[in-house]
1. Rounded to the nearest whole Å³, what is the per residue volume of the convex hull around the Cα atoms of region 1-72?
2. Scaled to the compact-protein estimate 2.2 N^0.38 Å, what is the alpha-carbon radius of gyration of region 52-114, rounded to two decimal places?
3. Show me 9-15, 219-225 ranked by packing, highest mean number of other Cβ atoms within 10 Å first.
Amino acid sequence: MTSLVLTLALAVAIGVSLGLLGGGGSILAVPLLIYVTGLPVKEAIATSLFVVGVTSAVALVPYAWERRVRWRTGLVLGLAGMAGAYGGGRLAEVVPGTALVSVFALMMLATAVGMIRGRHAATDEPGESVGRELSPVRTIAVGATVGVVAGLVGAGGGFLVVPALTLLGGLPMAVAVGTSLAVISMQSLAGFAGHLAAVAVDWTLTAALTGAAVAGSLVGSRLSRRVPERRLRPAFGWFVLAVGVLVLGQQLPALAS
């Protein structure tokens, strides 16, 4: 009973992270499912993709209502990411679980450094459309790369998409978060489809986690209106860094043996 309560509480935190930061949900979900619920790595990755995909779609609604989504960029990124995520999900069948989680942690560390050190976006006003459009070629390349990583390691990709949109595209954090949610929902569900061929999913657990995460995402979306850009972006980076170090530390004994 205690484990179930903790699991649901952390699922709410996953939703808050997605609604507030446009990412970080899988960064919490994969370790939660492996270390708290005891799921095997590949089953945890598949479950994470479903939970994060549905939760991101719900969290996107308030951002869309307030015009904090760059739809054209998000659609191109999302479609490229879906193709990459499906391929990554199929590729994960032949990659050892320890290697998947280790790659996941290393990607988190690299992304965290970029978010902490990167420049500030120009503004934090909801609905503001400043920032340049990424070129179509760069957008497709970023989307496909993020998608492959997402499908392989169970990350929705927000921890890569948000930095790409803020650091490469110059978008305000609020718009990057909203756009990221659109991308995450598309590629997470595509990655989940890629895993279904080889992984059995506990649908009762998955439904419970999804419900808790969706509730948290609505709270996170409301909080996002009150947190200024200059605090939100570095906080996202430090959060990713801390969890990345923790996850990598858990994998070092297995890698050394």
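1. Given the Cα convex hull of region 1-72, per-residue volume reads 85 Å³.
2. In units of the globular-protein estimate, region 52-114 measures up at 1.43.
3. 9-15, 219-225
Every read-out reported here was derived from the displayed coordinates using simple, explicitly stated rules and does not represent laboratory data. Nothing here was measured: the structure is a model prediction, and the numbers come from that model. Glycine also receives a Cβ, built like all others from the backbone with ideal geometry; neighbour counts cover every protein chain displayed.
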